[in-house]
Amino acid sequence: MENRQLTKFTFYDLYGELLEQLEDDAAGRFATLICEYMLTDKEIVPPEDDRENYFWCNIEDILAEDKRIEKSGKIPKTLNAKMRHFTFLERYYKGMKLMKDNDCGVFIKAVCAYMFSGVEMKLKSPVQGYFALAQKTLNLSQTRKRVGTKGGTSARRSPPKVSTGTTEQPPRMSTVQYPNTATGAARAGQSAPSYTVSGTAKQTTEQPPRVRSLDDFLRANPHVENDLGANDKDLLNGKNWEILNDCLRAHDGYKYTKSLRSILSHYEEILET
């Protein structure tokens with residue numbers, strides 16, 4: 001392991017699920033402990049509270065594996081494929097250190113609700129100010145849509161209950177239209193459906209099409225042309241098309257790229273979004 005400090009780490013939905021089950025002050029302490037483990041070299045003392053200690057035991061191995069991989073400059077692909085996640089920046093942790101435990105708990109629950117459930121909570125000062133700053137970079141991360149490589153999807157969860165009486169707001173976009181183009185359909189050898197999704201964060205009438213294969217990826221991105229040659233077939237190996245589809249749309253440098261060969265050649269770079 002390289003002896004260098006991380007300035008960001010991968011925050012998994014499992015952490016958010018555990019935080020939802022804790023009171024705000026306990027959630028604040030627990031989230032701070034996660035950040036200290038990943039972003040500092042402090043000697044970590046497990047929580048004394050029995051419940052918090054039990055939760056910590058269930059994620060300590062994941063944290064250790066993630067930290068080992070990320071400190072080596074690599075992407076934790078196996079963990080990323082199993083759990084939804086987003087990139088947690090050191091600046092969020094710096095803000096958390098300025099808050100009381102209770103406010104810190106409200107903050108981290110609001111972040112998890114926003115990233116994993118698409119819900120923006122109503123927050124009070126000072127938490128609202130810290131969240132508004134974090135939101136500017138959270139909006140760039142689309143990794144909450146990532147799912148496992150084995151084809152399972154994570155169910156949409158209800159937003160966490162926060163003791164300060166926060167309430168949810170509907171997502172900013174309630175309808176997504178997937179294009180039905182002759183070009184995309186021709187690549188898959190069939191008609192591409194015109195697909196509409198509508199609903200709120202708690203209830204949706206339909207889910208967007210799954211991106212399981214190269215054909216699905218091309219159908220979801222009709223601007224991309226399959227320009228692979230006979231010697232480029234190795235570029236198709238080991239690709240998670242659903243993750244690539246989500247990350248490509250969030251990547252300012254490649255989201256308008258027309259060449260499939262160029263996209264696959266920069267696969268790792270795109271997944272770092």
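The values are calculated or read from the model by the stated rules, or taken from the named source; none is laboratory data. Being a predicted model, the structure only gives us computed values, none of them experimental. FYI the Cβ positions are ideal-geometry reconstructions off the backbone, even for glycines, and counts take in every protein chain you see.
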Among the residues of the stretch 215-273, the number that are outside any helix (DSSP H, G or I) and either under 28 Å from Gly73 (Cα atoms) or at pLDDT below 85 (or both) is 15
Qualifying positions in the stretch 18-39 - in a loop (DSSP other than H, G, I, E, B) and more than 20 Å from Lys100 (Cβ to Cβ): Gln21
State which residue pairs qualify: first residue in the same structural domain as Ala26 (by TED's automatic domain parsing) and inside the stretch 109-138, second residue assigned to a helix (DSSP H, G or I) and among the hydroxyl-bearing types (Ser, Thr, Tyr) in any location, beta carbons under 7 Å apart, and separation of 6 or more residues or different chains. Glu120/Tyr114; Ala134/Tyr92; Leu138/Tyr114
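State yes or no: is Asp234 of a type in the set (D, E, K, R), without any contact (Cβ under 8 Å) to a residue 24 or more places away in the chain and not assigned by TED's automatic domain parsing to the domain that holds His85?
Values: of a type in the set (D, E, K, R): yes; without any contact (Cβ under 8 Å) to a residue 24 or more places away in the chain: yes; not assigned by TED's automatic domain parsing to the domain that holds His85: yes.
Yes.
Could you check, for the stretch 173-196, whether at least one of its residues is modelled with pLDDT of 50 or more, of a type in the set (Val, Ile, Thr) and either surrounded by 15 or more Cβ atoms within 10 Å (Cβ to Cβ) or under 25 Å from the mean Cα position of the chain (by Cα) (or both)? Break it down stepwise before answering.
Quick first cut of the stretch 173-196, residues modelled with pLDDT of 50 or more only: none.
No, the conditions are met nowhere in the stretch 173-196.
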The stretch 73-91 residues that are assigned to a helix (DSSP H, G or I), paired with ones that are small (Gly, Ala, Ser) (beta carbon under 7 Å, 6 or more apart): Ala81/Gly148; Lys82/Gly148
Candidate set from the stretch 88-129 (those that are more than 22 Å from Thr40 (Cα to Cα) and of a type in the set (Val, Ile, Thr)); member that is surrounded by the most Cβ atoms within 10 Å (Cβ to Cβ): Val106
Restricting the stretch 233-273 to residues that are closer than 24 Å to Lys82 by Cβ and of a type in the set (D, E, K, R), which is farthest from the chain's Cα centre (by Cα)? Lys239
Screening Tyr54, Tyr15 for residues that are among the hydroxyl-bearing types (Ser, Thr, Tyr), surrounded by fewer than 20 Cβ atoms within 10 Å (Cβ to Cβ) and part of a helix (DSSP H, G or I) leaves only Tyr54
Qualifying residue in the stretch 42-53 (condition: over 20 Å from Asn102 (Cβ atoms), assigned by TED's automatic domain parsing to the domain that holds Leu138 and within 21 Å of the chain's Cα centre (by Cα)): no
Is there a residue being polar (S, T, N, Q), modelled with pLDDT under 95 and farther than 20 Å from Leu39 by Cα anywhere in the stretch 103-121? yes
